[in-house]
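Data first, discussion second: the structure below is written as structure tokens.
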Amino acid sequence: MSKKILAVALAAASMAFSGVSMAGPGGTAGPTSSLDSIVTLTINGAIRISQVANIPLGTYAADSVDVVGTSEACVSRNLAGNYNVTVTSANGSFALAGTPLALATTIPYSVAWRTGANPYDTLAYGTPSASYVADSNTLAACVAADQKLQVTVPFAGMNTSEAGDYQDTLTVLVSPL
């Protein structure tokens, strides 16, 4: 008798499962039919620098004063954490080259970075800086709140240079930490 009851219970269970739709190629046939779809998205951590502008230094007045120029910048991340800055240049060092390149001299300069009202930190060519806090924790439009990038050309380099125009192109790379 118990074998008959067990057989009937198994048959009933099989019939009950036949009406349940499992995820697969199609839903249950009937007046309506449905299946679930799980939608997934991955957003990788990212960082963005924006609002860095050209730094025109003007004309040297031969007055034994260093020439200093600045640019705003805004660094945003979509992930909590700090960043560092690495600066390189088209001339292979922090040096203004004459244009046209026929001018024999180059004029060395220094580059510095800061956040907020903190003092500027001098950056070494091609070397990652100290750690800084991002201005924004989203990659949406970021508003530069301060002068971050500073270039200083010592008067001694300008005093010993030929007359002419000099320039360099800085590349400012920010990396998440």
Just one listed residue, out of N91, N118, is at pLDDT below 95, part of a loop (DSSP other than H, G, I, E, B), exposed (fewer than 13 other Cβ atoms within 10 Å of the Cβ) and not basic (K, R), and it is N118
Quick test for you: out of A130, A104, A62, A97, pick the one residue that is farther than 20 Å from P154 by Cβ, modelled with pLDDT under 95 and among the small types (G, A, S).
A130
Return the pairs, sorted by first residue and then second, in which the second residue is crowded, with 19+ Cβ neighbours inside 10 Å and not in a helix (DSSP H, G or I), the first residue lies in the range 149-164 and is small (G, A, S) and at pLDDT 90 or above, the beta carbons are less than 7 Å apart, and the residues are 6+ apart or on different chains.
G157/I107
Output the number of residues of the range 71-81 satisfying the condition of being of a type in the set (A, V, I, L, M) and open to solvent by 10 Å² or more (accessible area, probe 1.4 Å).
2
Which of the residues spanning the range 92-128 are touching a Ser or Thr at 6+ places or on another chain (Cβ under 7 Å) and polar (S, T, N, Q)?
T105, S110, T122, T127
Scan the range 106-115 residue by residue and report those that are open to solvent by 40 Å² or more (accessible area, probe 1.4 Å) and not β-branched (V, I, T).
P108, S110, R114
If you check A29 against the conditions, is it within 25 Å of G157 (Cα to Cα) and not hydroxyl-bearing (S, T, Y)?
no
Does the range 53-70 include one or more residues that are in a strand (DSSP E or B) and open to solvent by 50 Å² or more (accessible area, probe 1.4 Å)?
yes
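The values are calculated or read from the model by the stated rules, or taken from the named source; none is laboratory data. Since the structure is predicted, the reported quantities are computational estimates derived from the model, not experimental observations. Note that we place each Cβ from the backbone using ideal geometry, even for glycine, and neighbour counts take in every protein chain shown. Side chains included, ligands, DNA and RNA excluded: accessible areas come from the protein's heavy atoms. Shrake-Rupley method; radii C 1.70, N 1.55, O 1.52, S 1.80 Å.
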